[in-house]
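Right, one structure below, let's go through it.
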Amino acid sequence: MPTQKTDMPCEPPVIVLFRNDLRLADNLALKAAAETGRPVLPVFVFDDGADGGRPPGGARRWWLHHALERLRASLAERGASLILRRGPTLATVLSLVEATQANAVFWNRRYDPAGIAADSDLKTALRERALEARSFDGHLLHEPSRLTTGTGGPYRVYSPFWRALASGGEPRAPVAAPKAIRPLPEAVASDGLESWSLLPTAPDWAGGLRDAWTPGEAGARQRLADFLDAGLQHYAEGRDRPADALTSQLSPHLAHGEITPFQIWHALARPDLDAPARDLETFRKEIAWREFSYHLLFHNRDLASKNVNRDFDAFAWRPDAGLLAAWQQGRTGYPIVDAGMRQLWRTGWMHNRVRMVAASFLTKHLLQDWRDGEAWFWDTLVDADPASNPASWQWVAGSGADAAPYFRIFNPVLQGEKFDPDGTYVRDFVPELARLPSRYIHKPWQAPADTLSEAGVKLGATYPVAIVEHRKARTAALAAYDAMKGTR
Ligand code: FAD
């Protein structure tokens with residue numbers, strides 16, 4: 001959009017950049033800007049891949065639209081207007097500086113490699129123009145560059161990383177949202193949110209997402225409150241049972257920066273919580289997996305495209321568009337996998353246990369490249385994260401740092417029977433199996449003909465025949481792994 005020159009305000013304003021920090025509370029850049037007492041111009045810069053990173057997928061675009069609406073409303077309550085601009089960060093910010101005569105730009109740090117590089121260029125360019133450029137702690141408890149092993153290198157294994165994080169002192173306390181933000185006296189041109197076309201239209205596939213989520217800072221606060229009330233006390237045991245929904249479901253809010261890990265960490269210390277130490281520790285360790293993923297991304301900038309363990313470059317994946325499509329659509333004939341893939345499609349989110357089973361199934365049973373699965377998750381997850389998604393895929397596929405050993409191949413039937421024993425989760429997302437007795441719900445092919453018929457199931461017609469046989473698939477996967485090792 002053309003830059004629109006405004007009348008220069010009496011006092012030069014401070015520009016605050018919003019990116020993946022769509023909140024007012026615990027926003028250090030916004031707080032510092034408000035405290036200057038000068039006019040503040042909040043700007044959301046949508047680089048949409050122009051800074052060299054990955055453009056958000058469809059599910060995150062849907063979320064972004066609603067999160068921006070809510071951010072705009074919260075800022076308006078404090079008197080400030082959110083300016084929307086699309087384009088590469090550097091050019092976009094420089095044009096705004098020129099238009100508003102701002103002499104300072106504040107932002108919270110990003111931690112994906114493209115974001116780091118773009119923000120570093122921005123800092124240099126602003127300082128060359130004698131403008132103030134200040135960056136603040138972003139969405140990680142620990143800056144990924146600062147945690148190092150005894151020898152000064154990066155961690156490759158989670159446990160020592162966790163020990164370092166846990167012994168690194170209490171994370172800083174979260175800060176409150178500014179009570180008031182001094183607006184600019186003159187309007188500044190903004191893109192219209194609708195013009196970004198972030199919402200799906202033809203077709204509108206977002207009905208399930210609308211039912212499941214409330215994007216925005218208030219939605220994040222409510223999720224945290226609900227989790228502290230009902231989930232945390234059973235987290236250590238319950239977090240593996242997808243039907244119980246005892247996990248926090250904070251991941252999309254964290255991905256968009258509607259809540260910070262500092263706010264979560266300190267909420268866990270609330271004196272009235274009364275959660276067992278084991279549940280608290282297990283939950284903190286999961287938050288730390290997110291930190292570890294960013295640590296890995298920081299030290300492996302191609303985490304989404306290159307095997308961390310380069311031995312896997314020789315792995316003989318067997319690309320097959322039909323198998324990939326069956327997995328994407330939840331038509332593999334393995335109920336727990338299909339339920340997970342349909343939960344993903346319907347709600348934009350999948351339970352962690354089922355993510356592991358579904359990812360293992362794609363890479364090991366179907367021998368499809370983990371990058372294809374990662375890309376599908378990137379497009380369909382509302383919490384798609386540039387660090388956690390590739391790090392987790394590589395962990396499951398065996399090619400990652402500290403990965404699960406390759407030969408540990410999940411048996412999808414046993415996983416289903418263990419973590420969804422009465423099939424509640426499968427019944428919810430695979431309704432065509434809903435009337436099967438529990439003993440067959442994870443292996444319908446073993447059900448007697450009359451049981452299938454009473455349940456209205458006709459394999460190959462109402463529900464797919466399993467696309468691979470577990471034992472054969474396992475043998476083939478191990479053979480592929482042995483062949484890879486043989487090429488070293
Ligand atoms: P909770 O159990 O309540 O955990 C609290 C928070 O801790 C989460 O919100 C998340 O931020 C963090 N966390 C928990 N487990 C992990 C983990 N294993 N790795 C990293 N962070 C974790 N998580 C994402 O946020 N984005 C992704 O794109 C993503 N892709 C994944 C892909 C695969 C193949 C797998 C196996 C896991 C992936 N995860 C991803 C990790 C995990 O599944 C989700 O973070 C979790 O399911 C989110 O649900 P929750 O908020 O209820 O988690």
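The values are calculated or read from the model by the stated rules, or taken from the named source; none is laboratory data. Remember, it's a predicted structure, so these values are computed and weren't measured experimentally. Here the Cβ is made from the backbone with ideal geometry for all residues, glycine too, and neighbour counts use every protein chain on show.
Observations on the structure shown:
- Some residue of the range 335-352 being crowded, with 19+ Cβ neighbours inside 10 Å, more than 26 Å from R110 (Cβ to Cβ), near the ligand (Cβ under 8 Å from one of its atoms) and within 18 Å of the chain's Cα centre (by Cα): yes
- Listed here are the helices (runs of 4 or more DSSP H) enclosed by the range 328-429 that have at least 1 residues being closer than 19 Å to E286 by Cα and without any contact (Cβ under 8 Å) to a residue 40 or more places away in the chain: 352-360, 388-397.
- Here A359, A391, A404 are screened, and the one residue that is modelled with pLDDT under 95 and within 14 Å of the ligand (Cβ to nearest atom) is A404.
- Strands (runs of 3 or more DSSP E) within the range 30-128 that include 2 or more residues closer than 30 Å to G207 by Cα: 40-46, 83-86
- Among the residues of the range 395-445, the one identified as closer than 30 Å to A483 by Cβ and in contact with a strand residue (DSSP E or B) (Cβ under 8 Å, 6 or more places away or on another chain) is W445.
- Residue selected from the range 212-225 under the condition in contact with a helix residue (DSSP H, G or I) (Cβ under 8 Å, 6 or more places away or on another chain) and surrounded by fewer than 19 Cβ atoms within 10 Å (Cβ to Cβ), by the criterion farthest from V43 (Cα to Cα): A212
- Segments classed as helices (runs of 4 or more DSSP H), wholly inside the range 209-307, with at least 3 members that are away from the ligand (no atom under 13 Å from the Cβ) and not polar (S, T, N, Q): 217-226, 277-299
- Scope the range 362-388; condition of a type in the set (F, W, Y) and more than 8 Å from the ligand (Cβ to nearest atom); matching residues: W370, W376
- When each of L68, L84 is tested for being in contact with a Ser or Thr (Cβ under 8 Å, 6 or more places away or on another chain) and surrounded by 17 or more Cβ atoms within 10 Å (Cβ to Cβ), the lone residue that passes is L84.
- Among (1) within 16 Å of the ligand (Cβ to nearest atom); (2) within 30 Å of E469 (Cβ to Cβ); (3) not in a helix (DSSP H, G or I) - the single one P319 does not satisfy: (1)
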